[in-house]
Each structure stands twice: as structure tokens, then as C-alpha cells.
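Step one of this worksheet: look at the structure below.
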Amino acid sequence: MARLPLLLFPHAMEGIPSSGKRFLPPSVHPPGVARQKERLGPAFQRLEDAFEERRVELSTSVTGMEPEKVLVIETAGSVDDFQRAVEYINGLEWLGEFEADAMEPDEDFYDEKKHDKNVPHNLYLAMTDQRAVEEIVRLWNRWETDKQPFPHRKTKWRDLFKLCRTIRYWSVEDRLSGTGLIERLKTLVKPGEPISIEIEFWYRDQDRMQSVLERFRALFNQEGGKIIATAQIDEIRYGAIKARISAELASQIVNGQYPDFFKDDAVYCLRPEGQCASDIQDSAEHRDLPDRPLPKEPPVVAILDGVPFDRHKFLLGRIELDDPDDFSDFSQYQAKDRKHGTAMASLVIHGELDDRKAQALKSRVYMRPVMKPVEFKPGKTQEEIPSDVLLVDLVHQAVKEIFDRDDGKNFSTIKVINISLGDVSRPFNREPSPWARSLDWLSWKYKVLFCVSAGNFVGNIDLGPPEEFSGLIDADKSERTISAMANTLPDRRLLSPAESMNAITVGSLHRDLAGKFDLKKRIDIQPFDDLPDPVTRLGGGFRNSIKPDILMPGGRQLYVEFPDSASPGRITYRISPAKWSPGQSVASPGAGTGRIDGTTYIRGTSGATALASRGAARIHEALQELQGQNPNAIPDDNLAVLIKALLAHGAVWGAAYDKIQSLKTPANSRTFRQYAARFLGHGAVDIERVLECTEGRATAIGTDAIEVGQKLEYRFPLPPVLSGSGTGRRLTITLAWFTPINHAHRNLRQAKLSFDPSQQENHLGLSRKNADGNQVQRGTVQHEVLEGKRVSAYQDGDYFLIAVTCQNNAGDFDGSVPFGLAVTLEVLDHHQVGIDIYGEIRDRLEAPVATPVVPSG
């Protein structure tokens, strides 16, 4: 079948924005004034008492320092525009709002329409001094007596008092909640051995952040600790320190004896040391590759990882190494230790080495080292983030230095950055981590796409007695494995920064090109290659958005039987560390001094992400060809976001959705598509389908920038050959964008772009497949798949509209938002020949009709 180029939409036409659907928040029934007075009266008294206690403490320690505390107001439901009400009280400074887990209804707060429905739970936070607390108490007294009208600009406080669950100060328990610090200290404390922790602060402004960092240096000197790294990133409101504390102090903390810095009101949270680690097995295998031309183009993909073994035969002349920190010093980073960066570079450049027909990228690959080898036991090393830096700061500054350089080098051609790393100490927990927020800001600032790994789950899996499992047919083995993965969902949360909203997050398919293999003593617990590999972590993302976005082959991870230490006689399954196939064949330095033709096999989301970045680079090559023919059609600043759209465009659930139906229960049946997206994302991606078209499959792409309140319309012509036909057809529409972030708003995502697929459903006789229609609009990728074969009649010259709209989603935003759009119409009945929908659509896109035939709705 002929391979045909992608098609270009003509420039979008401005449409008339509609008012859109009005979102109605849940109707929360609050208690009355008398009940609120009973519930909250003592809490307001505690607010005043706590300030006096703090004033006494400070009078004996830090002379001249006025007490400030972080005020926490928890509500049932939300209070619109409450930030402005906070700003009208002197001494009260807005810090942000968070959406916590919904709470079970009680006699005081419940949904008026459905009494057994969970009630939304929001937190409003502000830095306060004693004057502000006194003013809030006066407002409370005015509200509870209900005798005087509220002052101008402070009426929102009246609404807040109605919905208030609790009002209190940020506590040590808040600073430790969900961080896992105490659990980590319990496992690390050894006599005489210091331990590293991270402390994140409430960020207010640059000067006060500097003051806090200086004060904490003094505090740690008093406590006998040591600050080993500090970071202040104004763009994402991040201030933090990495500190080393003694084993004795760590033991006291584990026993609930908290030092002064745990109680300091400048502290947002305390966490274990952020860390990424990789331990790829050595291999003695070596091979040859067919000759592949060296790249002539500048880098399109950047990889932040370990130092690559760039003298390897498969990498030589293909890497542009940028190492301003001198990580690649051979005395510190020997060839044999250069494993993870070498493997990722190999996959990005060549794909799996078992694919003998693959072509190397036409562009060089930029590599910036962010890891070093560390000996974790005699003679054994693994690559880690250096211990004397903060992970977030290291990566943030590394990316900025790619684009903002003063050494004359220009890497503006980079459109994709591969991060096959994850912070093992920070699984996603409701709010995006600083690392994810950093990637969101960097993506928006530099218009660059991050491909980020979902992370690997390395725990054991319980599949029942081995003799029973081994006797199952493949379908039943797969069902049991998927069920076991579902049972460990809380432990399989994404690893930071995979929750980044602007990034493409990649999960791992149980698939590779290694072919047949010898099981030996290993067990393939997931026989199907269209399902997630048992090692991958699962979603969802922020505000239940779809994460991971896509699945890519990550190698078939096999397991071995392993005794369960907690239950004598019970057998579980753990990851096989074998270095031979199956898996993804990659370049490797091997053992010793480094082989220039060594290879090994790897598995997991790191490799899946590298293949996604390779796919992005190949999409870039296709777009460059289109740019050459149509120089003004794709602005350079929009290349990355169009790559993002096309990368997701190839995703489909397919038969994988049917194979996880066993997870459906009465409790999740109504929202099962949202549940399924935790496993499947938008689906498994076939890169080849988005690079070219065929006679039976036409893809049109477009890109532009849109402002809030604007509506841009694209017209997709309907091919006459399908009119009146019952031929099975599929329509796939993908919209992707980069959003600015408002860190002080609970929604974070400032720009919400969307389109309505209902017109396409009606006009082409299609129905929606794959992910839930509401969930696909919660991130920065809206990916819709529609299928059908119902007879639909229309005239030559008819078309359907794809109307892209933009709304504020987290406070006011005045700029324009770049986006990419991809639309594919294809025939599903492959046995039918002579249906040239590509030619008919191409001809009509090149000569579009002048007046609308189908109204925009």
C-alpha cells in the first residue's frame, strides 16, 4: 500500500465563541449559624492563644522576630475568588489553595441532591500575623451574631464561615503527611551514620526566601546538623534545603521528639532525600549493526541522564555531550559505569537493536549528565543524582542552560527533552511535585516537549500458589496479573515528575522485538503484548487527568518465584534481574573497561520513554519535510506542541480494553473508563501510523496560538466515497497544548483548550470509544476516538468543523496559547480496495469551500 505524506489544514478561521457549558458545583448543605458557633467557637479561641504562645517562644530565641503562622481553613466545597477576600485583610498573605480528597458526608455537611455522595474538601492557606487573626475573629463574631452587615470587599468571609469545617494552623503533622519521611528514617537510622533529608518552604518572595535560608543555617548549627545544598527557583515558587542530620537526631524524630526546625512556620514539608537511581545489569553480548549514516542535523532531542559511553561503536559521532559540571571525568565515572545514559541514547538513536531494518536518527542527540556512579556495595555501583545537590534545582538549571547560554553555543533546535528518571522518594500524591511544576514552567517558557517515564514498580507480586498459576491458560494468567496490579494501585502511583501537566508521560507495554527466548527458570506472568508490563507504574494524574498519556514498548519483564518473608511457605513473584533476552537490546559498555560493541537487554518505563522520544524525533523529521514545502504553515515555536499532538495521536486502546474488563465491579462500573485509563492512558502508540498516510487513511494537521475567549475553526472535508456507505470507519482527533501554571490556584492549569466531538458523531454516524469524555479534558491532551459503520449521507463539499476554544481555568490569563491539532479519518474494513479517501480529502483541503455548509453548533 502506498505511503503518502501528512496533509495540512488551511489556516484556521475565527469563529463566534459560545457561552459554553456552565459548570454547576456540588450543592453542599452547610450547618446553621448556631451549629457552626458550637463547632468552631473553640477553634477561633485557639488561634489567638497560639500566637501568644509563639510570641513567648520567640522572645527567648530569635530577638526582634515577629511571629507569623500559616493559617489553614478547610471547607466543604469551594468559595469562588476567595483570594481577593484574603488580600483585603492587612497582615494576611495568600499562599494558595488545594483540593484534598473528598470526605464522607455527615450530619453537618452533605450534598443536597444526593445525601450519600462524598463532599468536596478544599484547603485555603495564608500566612498570617496577630493583627490579621484578630480581624478574622472580629469578622467571625460579626457573622455568628448575625446583626451587622459585612464590610465592603469582605463578604466572601461570610460565605467561607458557612462552609468552614475547621480553621487551624499548619502543624508538624501537616509537614510530614504523605511524605514517608518517618518510615524512611526508620529504615536508614544506623549508629553514627548521618542521614540526608529535604526541607521545602512556603515561598513568598525572593528576599524573604533568602532570609529563611539564612535563618535555617543558624538553626542547623544549633542542632548539630549540616546544610549541604540550597535552592531557590522563583519561577515555580520553590525554596528548599538538603540537610544532613545525625543518627541520634533521626532516632529522636522517629520517636516523636521533633527539633525546632520541624516546628518552624516557614516550613511547608519535610521529605526524604530526592533520588533517582539506575542499576542496569552488565552483559558480555556484542553484535554488529548494518551501516547507518552519521547524522548531519543539529540535535532535536536532549537526554538528561547518566554520562553515555560515547565511544561506543553505535554512538560514536551521534552524540553532542554537554558537561559543564565535568561529571564525565573518567577518574570519577569510568566506562563500565556508563550504563543508563548509554542505553537511553542507544534507544533514541537506533530504537531496539533487534530491529535490523530501523534507521538511525538524522539528527545528533544532545546529552547533559545529571547522574554519577555510587558504590552501594563492594564492587557494585549504580548511577544516582549527586548527593550534594537538590534534584529539582539540578534539572531546572540544566534545562535553562540548554536555551539560555552565554558561551556562543546554540541548542535552540531542541524540541524534545527525554527524562527517563523518577524520584523514588516522591510518588504522586494529589498535588504536583516541585519537579513536575518545574517541567511545566520550562515547557511553557521554552516551548519544548518533555517525555517523562511513569516510573517502575519493583515490588513483589502475589499471584497465588505457583502450581495453580502455572496451570492457567494465557488469558487467565493475564487476568490474574492485571488484578494483582489493581490490588497494588496505591503502591504504583506515578513517580515525580510524571504528573507534569505539559509533559507526555510514558508507561511501559509488555512488548519488545527480541523474538523467541528461553524462559530458563523465569516466568512470563503477562502473556499479552498489548497490555501494560507488570513493572510499570499506573495513573491517574492531577485532578484525575489521564496519566500516563501513552504506552510504548518497554520490554517483556519476566519474574521468578520468591518466598514471602512475611508469610512462611507462601510464594510471591519478584523481578528477574537476568541480563539476557527478552527485553530491549541496547548498547552497553559491558564489564571491565568498556566494549565498543557491547549490548545488553533492559526493561521498564525508561526504555519506553526513550522510544517515545525517538518517535518524537521521527515526527520532527516528517514535519521538517512539510515545512520545506510550506514554510509558513508550521512556525518553529509550534513544532514541539505539534509533535506532542502527533505523539498522542497514534494512541488507541484496541483489544486491551476488552482484556481488562475483569476489573469492572459494581462499585466502578459507572466510571470504568476512567478506571481503565489508569492502566491504558490514551492507549498504545503506533508511531508508523502518524508519520504517513495511505489511500484508506488521511491525517490532516494544524497548529496555531489561541487567546482566552477565542474560537478557531478547522474544516475537515468529508470524502464523497463514504457517503451512503456502511463501511466501517474511525475518526481520531487529538488536540494538545502547553499551559501556563498558576501555582496559587487549586486548578494550576491556567489555559483549558477543548473541542466538542458531538458534531462529528452525528454527521459521520460514529460513536465515542476509548477514554471518558470528561476525563480527556482534564489535562493538556484531548484525544478522542470515534468509530462506526452506520450509513450516513452527505453531499460533495460538505465538511465538519473542529472548533478549538480557550478558557481561563486558574485565574486570569492574557496571553496566547500554542496548540497542535491532528485529525485522521480511516477505513476499518481493510479488505475493501479502491476507497481513496486520502485523495478526496487532499483535493478538498487544497481547494476549501468558501461558505460553511455545516454550522458550528
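Values as computed for the structure displayed
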{"item": "Meets criteria (open to solvent by 10 Å² or more (accessible area, probe 1.4 Å), without any contact (Cβ under 8 Å) to a residue 24 or more places away in the chain and acidic (D, E)) for D406", "result": "yes"}
{"item": "Flag if L213 is open to solvent by less than 40 Å² (accessible area, probe 1.4 Å) and touching a Pro at 6+ places or on another chain (Cβ under 9 Å)", "result": "no"}
{"item": "Criterion: of a type in the set (S, T, N, Q), in a loop (DSSP other than H, G, I, E, B), modelled with pLDDT of 95 or more and buried (at least 18 other Cβ atoms within 10 Å of the Cβ) - qualifying residue of T739, T734", "result": "T739"}
{"item": "Total residues in the stretch 143-178, condition at pLDDT below 95 and over 30 Å from P31 (Cβ atoms)", "result": "0"}
{"item": "Wholly enclosed helices (runs of 4 or more DSSP H) of the stretch 125-185 bearing at least 1 residues under 22 Å from R204 (Cα atoms)", "result": "130-145, 172-176"}
{"item": "Complete set of residues in the stretch 287-310 that are touching a Pro at 6+ places or on another chain (Cβ under 8 Å), assigned to a loop (DSSP other than H, G, I, E, B) and closer than 16 Å to I602 by Cα", "result": "G306"}
{"item": "Looking only at the stretch 695-709, and only at residues there that are of a type outside the set (D, E, K, R) and surrounded by fewer than 18 Cβ atoms within 10 Å (Cβ to Cβ), the one that is modelled with the lowest pLDDT", "result": "G709"}
{"item": "Identity of the residue in the stretch 381-397, within 23 Å of A335 (Cβ to Cβ) and in contact with a strand residue (DSSP E or B) (Cβ under 6 Å, 6 or more places away or on another chain), that ends up surrounded by the most Cβ atoms within 10 Å (Cβ to Cβ)", "result": "E383"}
{"item": "T703 vs. criteria part of a strand (DSSP E or B) and hydroxyl-bearing (S, T, Y)", "result": "yes"}
{"item": "Count - residues of the stretch 245-258 that are open to solvent by less than 10 Å² (accessible area, probe 1.4 Å) and in contact with a helix residue (DSSP H, G or I) (Cβ under 7 Å, 6 or more places away or on another chain)", "result": "2"}
{"item": "Sole exception among (1) farther than 18 Å from P532 by Cβ; (2) open to solvent by less than 10 Å² (accessible area, probe 1.4 Å); (3) assigned to a helix (DSSP H, G or I); (4) of a type outside the set (A, V, I, L, M, F, W, C) for E625, by number", "result": "(2)"}
{"item": "Answer from G225, G192 - the residue that is open to solvent by less than 40 Å² (accessible area, probe 1.4 Å) and farther than 30 Å from L442 by Cα", "result": "G225"}
{"item": "One residue from V721, V690 being closer than 29 Å to T805 by Cβ, outside any strand (DSSP E or B) and either open to solvent by less than 20 Å² (accessible area, probe 1.4 Å) or among the β-branched types (V, I, T) (or both)", "result": "V690"}
{"item": "Out of E93, E99, sole residue that is in contact with a strand residue (DSSP E or B) (Cβ under 7 Å, 6 or more places away or on another chain), assigned to a strand (DSSP E or B) and either farther than 16 Å from C164 by Cα or of a type outside the set (D, E, K, R) (or both)", "result": "E93"}
{"item": "Qualifying position, being in contact (Cβ under 8 Å) with a residue 24 or more places away in the chain and either under 30 Å from S585 (Cα atoms) or more than 34 Å from the chain's Cα centre (by Cα) (or both), among G274, G239", "result": "G274"}
{"item": "Filtered residues of the stretch 768-800 (kept if out of contact with any Phe, Trp or Tyr (no Cβ under 6 Å at 6 or more places or on another chain), modelled with pLDDT of 90 or more and of a type in the set (S, T, N, Q))", "result": "N774, Q775, Q777, Q782"}
{"item": "Verdict on T505 being β-branched (V, I, T) and part of a helix (DSSP H, G or I)", "result": "no"}
{"item": "Filter pass, R556 being under 30 Å from R522 (Cβ atoms) and either charged (D, E, K, R) or not in a strand (DSSP E or B) (or both)", "result": "yes"}
{"item": "Filter result (open to solvent by less than 10 Å² (accessible area, probe 1.4 Å) and hydroxyl-bearing (S, T, Y)) within the stretch 430-485", "result": "S433, S438, S443, S453, S478, T481"}
{"item": "Which listed residue is acidic (D, E) and surrounded by 20 or more Cβ atoms within 10 Å (Cβ to Cβ), from E134, E97", "result": "E97"}
{"item": "Residue pairs meeting the criteria (Cβ under 7 Å; at least 6 apart or on separate chains; first under 19 Å from F98 (Cβ atoms) and of a type in the set (S, T, N, Q), in the stretch 419-447; second assigned to a helix (DSSP H, G or I) and open to solvent by less than 10 Å² (accessible area, probe 1.4 Å))", "result": "S438/I236; S438/V395; S438/H396"}
{"item": "Strands (runs of 3 or more DSSP E) fully within the stretch 330-427 counting 3 or more residues that are modelled with pLDDT under 95 and of a type in the set (F, W, Y)", "result": "none"}
{"item": "A771 vs. criteria surrounded by 21 or more Cβ atoms within 10 Å (Cβ to Cβ) and either part of a loop (DSSP other than H, G, I, E, B) or among the charged types (D, E, K, R) (or both)", "result": "yes"}
{"item": "In the stretch 86-116, residue farthest from E200 (Cα to Cα) [restricted to those that are among the charged types (D, E, K, R) and touching a Pro at 6+ places or on another chain (Cβ under 7 Å)]", "result": "D116"}
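Here is a yes/no grid of residues against (1) out of contact with any strand residue (DSSP E or B) (no Cβ under 8 Å at 6 or more places or on another chain); (2) open to solvent by less than 10 Å² (accessible area, probe 1.4 Å):
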site	(1), (2)
I550	no, yes
R556	yes, no
E561	no, no
A566	yes, no
S581	no, no
Y601	no, no
G604	no, yes
S613	no, yes
A616	no, yes
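The values are calculated or read from the model by the stated rules, or taken from the named source; none is laboratory data. The structure displayed is predicted, hence computed values, not measured ones. Note: ideal-geometry Cβ built from the backbone for every residue, glycine included; neighbour counts use all protein chains shown. SASA here: full protein model, heavy atoms, side chains in, ligands and nucleic acids out. Shrake-Rupley method; radii C 1.70, N 1.55, O 1.52, S 1.80 Å.
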